[in-house]
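Only one structure is covered here, and it is reproduced in the block below.
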Amino acid sequence: MSSTDATAPGGLFVEESKSWPEVVGKSIKEAREIILKDKPEADIVVLPAGAPVTLDLRPNRVRIFVDTVAETPFTG
């Protein structure tokens, strides 16, 4: 188990959350490229800033809140 792994209830291993503060203020295209370079399996979801979201955990999902990237994207 690496330092970026955690144990979830039931003994399952899940990757800890990851964020990309360096993409705040960049275009959606630039943010997507940076995130995919770091996490190629990311399922990137682009949403309006302040949009309601579900609370379910999906380790490959990365939400980008936009006008431009308005908030730090994060997995979950």
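Every read-out reported here was derived from the displayed coordinates using simple, explicitly stated rules and does not represent laboratory data. All values derive from a computational prediction rather than experimental measurement. Virtual Cβ from ideal backbone geometry, glycine too; neighbours counted across all protein chains shown.
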### Message
Please count how many residues of the range 54-76 are more than 8 Å from the chain's Cα centre (by Cα) and under 17 Å from residue 31 (Cβ atoms).
### Response
8
#### Entry: Count - residues of the range 25-61 that are touching a residue at least 40 places away in the same chain (Cβ under 8 Å), buried (at least 16 other Cβ atoms within 10 Å of the Cβ) and aliphatic (A, V, I, L, M)
1
